[in-house]
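Working notes, structure below.
The values are calculated or read from the model by the stated rules, or taken from the named source; none is laboratory data. Small disclaimer: the values here were computed from a predicted structure and weren't measured. Cβ sites come from the backbone with ideal geometry, for glycine too, and all protein chains shown count toward neighbours. Side chains included, ligands, DNA and RNA excluded: accessible areas come from the protein's heavy atoms. Shrake-Rupley method; radii C 1.70, N 1.55, O 1.52, S 1.80 Å.
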Amino acid sequence: AWETFLRSPLVGNGPMTFGSIFLRSYSVPPSGFFSHAHNTLLNLLAEGGLLLAGAFLWLFYRGLRLLWSRLWSAEAARRSVIAAALASLITFSVQGMIDSYHHEPLGLWALLLLLGMALGDPARAENDRPRLWAGLEVVRRKPWWLLALLAALWLNLWTLEPLARGQRLAVYGQWQEAAPLLQMAAERDPHLSVG
């Protein structure tokens, strides 16, 4: 990621290109495939250069400051939502040192929903309250939405699990055991780029 950034420091290599950069440097298998740099800042620098990384850091800083100031000025009922959003943003940041969580839609959606609820302006939305809370009411009355989300998460794990096991075996040269697992991964997701 760092070498890619140094080749084009201002604008990077382009969005979602780290996987192709990785494949030019490492053989897959036996190496595992990495579609992102497993470090949010390095990934942003490699794919978007200083412009994207700078914009991200500016938004991150502004959001953190706004959340912190609202945490202490909000009424008690909203304070828990703001605290949850702040905790999620901090968790996102810590995890971002060893992963690029923004590539994981389920986790990112949860973070963005919390940030939206915390940073939204309830005073301006007072007139829109019935419309604003209608979506949450649907989820409360029809919990199958949560079940659908959990099913999507399980399907994602089910699809990738044989690939991860097959790659681990291939790294140690156990090709006979790895081959059926890699074949299973390709069958479970024919559009998988490393399948």
Report task. Give a residue-ordered list of calculated ³J(HN,Hα) values for segment 33-38 (Karplus: 6.51 cos²θ - 1.76 cosθ + 1.60, θ = phi - 60°; whole Hz; x for Gly, Pro). Result -> 8, 10, 7, 9, 7, 6
Query - Per-residue ³J(HN,Hα) for segment 55-72, Karplus 6.51 cos²θ - 1.76 cosθ + 1.60, θ = phi - 60°, Hz, x for Gly and Pro - result: 4, 4, 5, 5, 4, 4, 4, 4, x, 5, 4, 5, 4, 4, 5, 6, 4, 8
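Before I look further, what does segment 1-76 give for accessible area per residue, probe 1.4 Å, in whole square angstrom? Walk me through the numbers before you get to the answer.
Details: 4700 Å² over 76 residues.
For segment 1-76, the solvent-accessible area averages 62 Å² per residue.
For segment 33-86, what class follows from the C-alpha gyration tensor (a ≥ b ≥ c being the square roots of its eigenvalues): rounded when a/c is under 1.5, otherwise prolate if a/b is larger than b/c, else oblate? Don't skip to the answer; put the middle values down first.
On the way: a/c = 6.01, a/b = 2.29, b/c = 2.63.
Here segment 33-86 falls in the oblate category.
Just the Kirkwood number for segment 1-78, please: inverse of mean 1/r across all distinct Cα pairs, in Å, one decimal. Don't skip to the answer; put the middle values down first.
Working: mean 1/r = 0.0704 Å⁻¹.
The answer is 14.2 Å.
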Query raised in the report: Once phi is turned into ³J(HN,Hα) by the Karplus curve 6.51 cos²θ - 1.76 cosθ + 1.60 with θ = phi - 60°, what whole-Hz value does each residue of segment 88-93 show in order, with x for glycine and proline?
Result: 5, 5, 5, 4, 4, 5
Report task. Could you grab the relative contact order for segment 1-76? Cα pairs under 8 Å, six or more apart, rounded to a whole percent. Result -> 38 percent
Query raised in the report: Which value in nm describes the separation of the simple spin-label points at LEU64 and LEU119, placed 7 Å from the Cα toward the beta carbon?
Result: 1.4 nm
